[in-house]
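Trainee: Sharing a structure here in structure tokens format.
The values are calculated or read from the model by the stated rules, or taken from the named source; none is laboratory data. These numbers come from a predicted model, not from an experiment. Neighbour counts run over all protein chains shown; Cβ positions are idealised from the backbone, glycine included.
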Amino acid sequence: MTRSGFRRLLDVMGFYRGGISETILTTVSPDGFFNAAPMGIRRTSDETLELRPYKSSSTFTNLIDNSNACINVTDNPGLFFVTAFRGKSIDGLHEPVIDKEMRIITSVAHIFVDTSRGRDISRIQANFTCQVKGIEVKKMMPRSFSRGKAEAIEAIIHATRIEVFLKERRMGDVERLIKSFAECKDVVWRVSASDSVEIKVIREIEKMIVTWKGKV
């Protein structure tokens with residue numbers, strides 16, 4: 001595929017220059033095991049992307065050893081949850097199936113990239129530039145926009161930071177994020193079906209936050 005082809009597909013998928021899109025990034029460990037984790041991706045040029053993993057994460061460790069990665073595009077909050085909180089169980093949600101090319105098979109698109117480490121963002125956060133090597137998009141029927149799914153994914157992102165900030169005793173940041181989580185919860189409760197994945201995710205995160213706060 002040509003550079004213009006990459007640019008067109010990134011545009012169509014909503015990866016706009018300067019904006020951050022929430023995805024699930026697959027990397028491979030030095031031992032050959034796959035790791036999938038939610039990751040915000042910023043587009044910086046026609047076919048160049050940027051990601052900023054925490055240095056304590058498996059994603060960071062894996063990218064230092066192996067620069068290849070796969071950006072998986074999905075709007076499934078269940079998939080975001082099980083990759084953000086491995087080992088946590090919710091009825092009907094399962095660990096993703098990852099093929100040998102690092103694709104999460106239930107994702108709707110895959111962006112294959114080669115990464116290189118840039119200047120660190122901070123003491124705890126790194127920066128990687130991603131050069132697009134290939135893009136695969138599955139042919140699917142259009143789906144309506146769901147505020148519930150979007151807010152559930154936002155709640156998951158807040159929850160990952162709440163856990164980290166509690167460990168670091170950054171209580172002001174924790175309270176700010178808990179308030180943001182509550183706002184996400186209100187939207188999900190208002191617009192999502194009672195048996196939906198997003199409702200299950202919100203309920204599980206509520207229990208997790210209580211557990212985390214009890215350990216402080």
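Trainee: Sort through LYS100, LYS88 and tell me the only one that's basic (Lys, Arg), in the same structural domain as ARG7 (by TED's automatic domain parsing) and free of Cβ contacts under 8 Å to residues at least 24 places away in the same chain. Can you show your working first?
Mentor: Working: LYS88 fails: free of Cβ contacts under 8 Å to residues at least 24 places away in the same chain.
None of the other options fit; the residue is LYS100.
Trainee: Does segment 129-140 contain any residue that is in contact (Cβ under 8 Å) with a residue 24 or more places away in the chain, among the hydrophobic types (A, V, I, L, M, F, W, C), out of contact with any strand residue (DSSP E or B) (no Cβ under 7 Å at 6 or more places or on another chain) and more than 21 Å from GLY40 (Cβ to Cβ)?
Mentor: Checking segment 129-140: at least one residue is in contact (Cβ under 8 Å) with a residue 24 or more places away in the chain, among the hydrophobic types (A, V, I, L, M, F, W, C), out of contact with any strand residue (DSSP E or B) (no Cβ under 7 Å at 6 or more places or on another chain) and more than 21 Å from GLY40 (Cβ to Cβ).
Let's see how each residue does on (1) among the polar types (S, T, N, Q); (2) modelled with pLDDT of 95 or more:
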| residue | (1), (2) |
| --- | --- |
| SER4 | yes, no |
| VAL12 | no, no |
| THR23 | yes, yes |
| THR27 | yes, yes |
| ASP31 | no, no |
| SER57 | yes, no |
| VAL73 | no, yes |
| VAL82 | no, no |
| ILE104 | no, yes |
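So that you can scan it fast, the table gives a plain yes or no per residue for (1) of a type in the set (A, V, I, L, M); (2) assigned by TED's automatic domain parsing to the domain that holds SER58; (3) closer than 23 Å to VAL82 by Cα:
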| residue | (1), (2), (3) |
| --- | --- |
| GLU95 | no, yes, yes |
| HIS110 | no, yes, yes |
| ASP114 | no, yes, no |
| ASP120 | no, yes, no |
| ASN127 | no, yes, no |
| PRO142 | no, no, no |
| ILE162 | yes, no, yes |
| LEU166 | yes, no, yes |
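Trainee: Against the condition buried (at least 17 other Cβ atoms within 10 Å of the Cβ), modelled with pLDDT under 95, outside the structural domain of MET208 (by TED's automatic domain parsing) and not aromatic (Phe, Trp, Tyr), how does GLU47 come out, does it pass?
Mentor: In short, yes.
Trainee: While we're here: With the requirement that a residue be touching a Lys or Arg at 6+ places or on another chain (Cβ under 9 Å), over 15 Å from PHE60 (Cα atoms) and crowded, with 19+ Cβ neighbours inside 10 Å, what does segment 7-42 give you?
Mentor: Passing the criteria: LEU10, PHE15.
Trainee: To continue, here is another question. Which numbered condition trips up VAL82, out of (1) in contact (Cβ under 8 Å) with a residue 24 or more places away in the chain; (2) surrounded by 15 or more Cβ atoms within 10 Å (Cβ to Cβ)?
Mentor: (1)
Trainee: OK, next. When you scan segment 195-202, do you find a residue that is without any contact (Cβ under 8 Å) to a residue 12 or more places away in the chain and either of a type in the set (Lys, Arg) or touching a Phe, Trp or Tyr at 6+ places or on another chain (Cβ under 7 Å) (or both), even just one?
Mentor: Within segment 195-202 (the criterion being without any contact (Cβ under 8 Å) to a residue 12 or more places away in the chain and either of a type in the set (Lys, Arg) or touching a Phe, Trp or Tyr at 6+ places or on another chain (Cβ under 7 Å) (or both)), the answer is no, since none of the residues qualifies.
Trainee: (1) at negative phi; (2) in the same structural domain as SER45 (by TED's automatic domain parsing); (3) of a type in the set (A, V, I, L, M): which one isn't true of ILE153, the others all being true?
Mentor: (2)
Trainee: Do you know which of the residues in segment 60-77 that are surrounded by fewer than 23 Cβ atoms within 10 Å (Cβ to Cβ) and within 13 Å of the chain's Cα centre (by Cα) is nearest to VAL113 (Cα to Cα)?
Mentor: VAL73
Trainee: Looking only at segment 162-194, which residues are free of Cβ contacts under 8 Å to residues at least 24 places away in the same chain and in contact with an Asp or Glu (Cβ under 6 Å, 6 or more places away or on another chain)?
Mentor: PHE165
Trainee: Next question, about the same structure. Can ILE199 be described as closer than 22 Å to ALA84 by Cβ, of a type in the set (Val, Ile, Thr) and in the same structural domain as ASP11 (by TED's automatic domain parsing)?
Mentor: In short, no.
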